[in-house]
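Shown next, in structure tokens, is the structure this report addresses.
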Amino acid sequence: MTAADQGNDPEGLESIQSIRVPWEIVNDVHAFLRQSGRRGHEGVGFWVGEPVGTQFEVRAAYIPKQHAGGLDGGCLVLIEGDELFAMNVWLHSHRMTIIAQLHSHPAAAYHSDTDEDFPVMTREGGLSIVIPDYAASEFSLGAAVVYRMRPDAQWQKLSALEAATLIDITEE
Ligand SMILES: [Zn+2]
């Protein structure tokens, strides 16, 4: 998947310094990942919304149709091309963009080779968040691993402090 698949406005997300995301949306994605885990699958979901200056307001959780792959025991969630297209149409019509891709792992949270090479989130400044243990525990930023895409298209792992500074989970 390439940046062209996103189909959103071309403005980068690298200037975003704060991401506000309501707990309700955090929990929506997390509950889906946990549900997938109970069936023995990894899952993927997205935080979507809009940039307002240097802040990003997350307005919705987007859960695409998906199925588990897992060729060699590696982590893999497949989203078909037509579903990616449907997601981009939805985002475009709602004037939203993806700020974070979240996916679960059976055990440890890290970026696998697959995650490095085939992210849906491919925009500079966007996040990839990996949730350990099939999301069995309540969401906690401290337990997740957060990566941010650098201008050179490489993923940079954020420290716990950097992640907590960037992501503001709100009550509303
Ligand atoms: Zn993975």
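The values are calculated or read from the model by the stated rules, or taken from the named source; none is laboratory data. Since we're looking at a predicted model, the values are computed, not measured. Here the Cβ is made from the backbone with ideal geometry for all residues, glycine too, and neighbour counts use every protein chain on show.
What the table below lists for this structure:
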{"quantity": "Every residue from the range 23-57 that is crowded, with 20+ Cβ neighbours inside 10 Å and farther than 18 Å from Ala135 by Cβ", "calculated": "Val48, Gly49, Phe56"}
{"quantity": "Answer residue from the range 89-148, given it is among the aromatic types (Phe, Trp, Tyr) and either assigned to a helix (DSSP H, G or I) or more than 16 Å from the ligand (Cβ to nearest atom) (or both) and is farthest from Gly40 (Cα to Cα) among those", "calculated": "Trp90"}
{"quantity": "Test result for Tyr110, of a type outside the set (Lys, Arg) and touching a Pro at 6+ places or on another chain (Cβ under 7 Å)", "calculated": "no"}
{"quantity": "Which numbered condition Ser93 misses (of (1) out of contact with any Pro (no Cβ under 8 Å at 6 or more places or on another chain); (2) in contact (Cβ under 8 Å) with a residue 12 or more places away in the chain; (3) over 24 Å from Gln17 (Cβ atoms))", "calculated": "(2)"}
{"quantity": "Which listed residue, of Val29, Val44, Val21, is within 16 Å of the ligand (Cβ to nearest atom) and modelled with pLDDT of 95 or more", "calculated": "Val29"}
{"quantity": "Single residue of Ser128, Ser137, Ser112 found to be among the polar types (S, T, N, Q) and within 20 Å of Glu24 (Cβ to Cβ)", "calculated": "Ser137"}
{"quantity": "Those residues of the range 149-164 which are farther than 16 Å from Val58 by Cα and either of a type in the set (Asp, Glu) or outside any loop (DSSP other than H, G, I, E, B) (or both), in sequence order", "calculated": "Met149, Asp152, Trp155, Gln156, Lys157, Ala160, Leu161, Glu162"}
{"quantity": "Filter result for Arg123 (surrounded by fewer than 20 Cβ atoms within 10 Å (Cβ to Cβ) and either of a type outside the set (Ser, Thr, Tyr) or closer than 20 Å to Gln55 by Cβ (or both))", "calculated": "no"}
{"quantity": "Out of Val145, Val77, Val120, sole residue that is at pLDDT 95 or above and β-branched (Val, Ile, Thr)", "calculated": "Val145"}
{"quantity": "Of residues in the range 12-66 being farther than 23 Å from His111 by Cα and without any contact (Cβ under 8 Å) to a residue 12 or more places away in the chain, the one nearest to the chain's Cα centre (by Cα)", "calculated": "Glu24"}
